[in-house]
Amino acid sequence: MEHARRRYRAVVAYDGTDFWGFQLQARERTVQGEIEKALNRLTGSPIRIDAAGRTDAGVHATGQVIAFNAVWKHSLPDLHRALNAVLPDDIVVQRLEIASTTFHPRFDALSRTYQYQIINQPWPDVLLRRYAWHIAKPLDGTAMQRAASYLVGEHDFASFGKPPQGQNTVRRVLRADWSTENTRLTFTITANAFLYRMVRNIVGTLVQAGMGLMEPEAVQQILAERDLKKSAPPAPAHGLCLVQVTYPEEA
């Protein structure tokens, strides 16, 4: 009996510490490379995956979405179990389902949500050293929140990143806010799409407001300048996590 080729959709989590980013590279360990290697091993065929976004080296994910075409003669739960059995410990397929033949995780997405964590105390947190940026100097969370508020809406974000392709640097930010729990500050930002290093450049700039090195209102001027040199240096990659990608049926 010949089994049909199907399109699969998966939600994937990974610890980005030991990866050179998501996208396949010839000589370096990547998330895409490890997933494709696992699929090749299980199906006996070379498989190329599509993803909602290409996270940088050191960036984590709990809600990355991928899709791939494969011929699999067993059940869907069997494929889910088999994938997690052969994938390395720093990648987990959290959800797996059959998708429409035309589904594309990047082009069909309505929005993406990232979170960035900061530990704001005199000493590092040893258990969060791989997942949060440690800042010893006290931060003014109210100033950081006020600065973040100027990001919401449709703006040209050329001062905060470069487009992955083409020239368009206009993006629509739906949410940009900080929450605080003890000494942990979490920045959550949702947009229709992001520029390369956009979130890390934004966080680096908002921290400047939190340290009193710039007024929160300066974010408006930085946006207006449309010059990448006007934003602060990017926050470290290890504090960033892709947490959710939203699609039309989930809106």
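The values are calculated or read from the model by the stated rules, or taken from the named source; none is laboratory data. A quick note: this is a predicted structure, and the numbers were derived from the prediction, not measured. We place every Cβ from the backbone using ideal geometry, glycine too, and count neighbours over all the protein chains shown.
Quickly run through segment 100-128 and pick out the residues that are among the hydrophobic types (A, V, I, L, M, F, W, C) and closer than 27 Å to TYR196 by Cβ. Let's see the steps before the verdict.
Going residue by residue through segment 100-128, those that are among the hydrophobic types (A, V, I, L, M, F, W, C) are 103, 107, 109-110, 118-119, 123, 126-128.
Within segment 100-128, PHE103, PHE107, ALA109, LEU110, ILE118, ILE119, LEU128 qualify.
Determine which single condition TYR196 fails, assuming it passes every other condition in (1) hydroxyl-bearing (Ser, Thr, Tyr); (2) at pLDDT 95 or above; (3) closer than 22 Å to GLY63 by Cα.
(2)
Scan segment 194-223 residue by residue and report those that are over 22 Å from PHE22 (Cβ atoms), in a helix (DSSP H, G or I) and touching a residue at least 24 places away in the same chain (Cβ under 8 Å). Full working, then the answer.
In the first step, residues of segment 194-223 are kept if they are over 22 Å from PHE22 (Cβ atoms); the result is 205-223.
Subsequent filtering for residues that are in a helix (DSSP H, G or I) retains 205-210, 218-223.
Result: THR205, LEU206, VAL207, GLN208, ALA209, GLY210, ALA218, VAL219, GLN220, ILE222, LEU223.
Can you pull out every residue in segment 163-179 that is modelled with pLDDT under 95 and farther than 19 Å from ALA237 by Cα? Explain how you work it out, then say what you get.
As a first pass, look at segment 163-179 and keep what is modelled with pLDDT under 95: 163-168.
GLN165, GLY166, GLN167, ASN168, listed by residue number.
Restrict the check to segment 202-213 and report whether at least one residue is more than 20 Å from SER149 (Cα to Cα) and exposed (fewer than 15 other Cβ atoms within 10 Å of the Cβ).
First, pick out the residues of segment 202-213 that are more than 20 Å from SER149 (Cα to Cα): none.
No, that holds for no residue.
For a quick check of your reading of the model, give me the residue pairs whose first member lies in segment 16-34 and is closer than 18 Å to LEU83 by Cα, whose second is at pLDDT 95 or above and polar (S, T, N, Q), with beta-carbon atoms closer than 8 Å and at least 6 apart or on different chains.
PHE22/THR30; PHE22/GLN32; PHE22/GLN64; VAL31/GLN64
Do we have any residue at all in segment 151-162 that's modelled with pLDDT of 95 or more and under 17 Å from CYS241 (Cβ atoms)?
No, segment 151-162 has no match at all.
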